[in-house]
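The structure appears below as structure tokens.
The values are calculated or read from the model by the stated rules, or taken from the named source; none is laboratory data. Fair warning: this is a prediction, and the values are worked out from it, not measured in the lab. Positions of Cβ are generated from backbone atoms using ideal geometry, with glycine treated the same way; all protein chains shown enter the neighbour counts.
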Ligand SMILES: Cc1cc2nc3c(=O)[nH]c(=O)nc-3n(C[C@H](O)[C@H](O)[C@H](O)COP(=O)(O)OP(=O)(O)OC[C@H]3O[C@@H](n4cnc5c(N)ncnc54)[C@H](O)[C@@H]3O)c2cc1C
């Protein structure tokens, strides 16, 4: 039995770009899988009100609009799975994608992970990345069984990931410098967990370690003059920035100078069979309607590519 989960179209990222693409490919009877690390953390998911999406009520929240898009794609047959991608192998004809939930293989691959990434900013973060510093509790949590870890950040991703870590770590030190949003889900469960220690109004100043990896973090509490040296084995850092999320490409596709993913007018990258859509392109036009448009163009181009058509086929032309 194959260890791969095979599909025609593999989409990484379930934001408006990924969902719009999936809606079209699934409707064209192409087997479509969307892999999305968290439906609550993308740019549209955190948008309070989306007043400029054509045809949608100005009071609609980004999360509601995204849910409608996701449900619509699923209603046409797309398979939406919550899974964080940590690596790909896109150089062969079949594209392989690695997640803690399994290894996927697509005849085509669509990169739609948006631009909510950040550069490492904490002293020690780069040095100990992969040796105690992690951005994925679902991927790495099991390595910290019965050990103490620190989670830094107050956004939804930090809360979700800290909750995952409570199942493995003996103690989860949750460090927040700003208040978590009132509507954050899982907040009460996290605060009530026996093995969680919340350091509020506290900055994580640096990650400390030696040859063995992370040994601790240095914290600065508001109003206190001396920093706290906290011994931990893992540091999970979750703050959002505005850089294209491309770390999982591991250099397989050259990026633009600004970190954006270059594509042609069909949204295909420089690697045949791989498309890039939405904010990951890092254009100045970061809007939900543009992300959806990219997804539509990629889907029609994929249909042409997989079915070896000479032209793009639009479904309103009945010959
Ligand atoms: C605060 C804010 C307000 C905004 N307001 C508006 C507005 O009013 N109107 C408007 O049109 N646009 C607005 N935008 C812009 C708009 O939200 C984006 O242009 C749009 O969401 C981009 O879509 P996307 O699908 O490319 O990326 P995103 O919406 O960011 O979605 C990316 C998806 O990829 C997933 N992902 C990331 N990494 C991985 C991984 N390794 N594995 C699996 N999945 C992964 C994420 O979980 C996420 O679901 C706003 C953006 C922000 C940040």
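Below is a table of values for the structure above.
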read-out	value
In segment 78-87, the residues that are crowded, with 16+ Cβ neighbours inside 10 Å and either outside the structural domain of residue 295 (by TED's automatic domain parsing) or touching a helix residue (DSSP H, G or I) at 6+ places or on another chain (Cβ under 7 Å) (or both)	78, 80, 84, 85, 86
Single residue of 51, 63 found to be modelled with pLDDT of 95 or more and either near the ligand (Cβ under 9 Å from one of its atoms) or part of a helix (DSSP H, G or I) (or both)	63
Test: residue 75 is more than 9 Å from the ligand (Cβ to nearest atom) and over 16 Å from residue 111 (Cα atoms)	yes
All strands (runs of 3 or more DSSP E) inside segment 92-172 with 2 or more residues being at negative phi and not assigned by TED's automatic domain parsing to the domain that holds residue 300	148-152
Flag for residue 286 being at pLDDT below 95 and at negative phi	no
So residue 35, is it buried (at least 22 other Cβ atoms within 10 Å of the Cβ), within 7 Å of the ligand (Cβ to nearest atom), in a loop (DSSP other than H, G, I, E, B) and assigned by TED's automatic domain parsing to the domain that holds residue 300	no
Within segment 211-300, strands (runs of 3 or more DSSP E) holding 2 or more residues that are in contact (Cβ under 8 Å) with a residue 40 or more places away in the chain, buried (at least 20 other Cβ atoms within 10 Å of the Cβ) and more than 20 Å from the chain's Cα centre (by Cα)	213-221
Qualifying residues in segment 188-210 (those that are in a helix (DSSP H, G or I) and in contact with a strand residue (DSSP E or B) (Cβ under 8 Å, 6 or more places away or on another chain)) - the one farthest from residue 166 (Cα to Cα)	191
Selected residue (only one of 172, 149, 164 is buried (at least 22 other Cβ atoms within 10 Å of the Cβ), over 17 Å from residue 209 (Cα atoms) and in contact with a helix residue (DSSP H, G or I) (Cβ under 6 Å, 6 or more places away or on another chain))	172
Residues of segment 88-119 that turn out to be out of contact with any helix residue (DSSP H, G or I) (no Cβ under 9 Å at 6 or more places or on another chain) and either more than 14 Å from the ligand (Cβ to nearest atom) or closer than 16 Å to residue 35 by Cα (or both), as a count	14
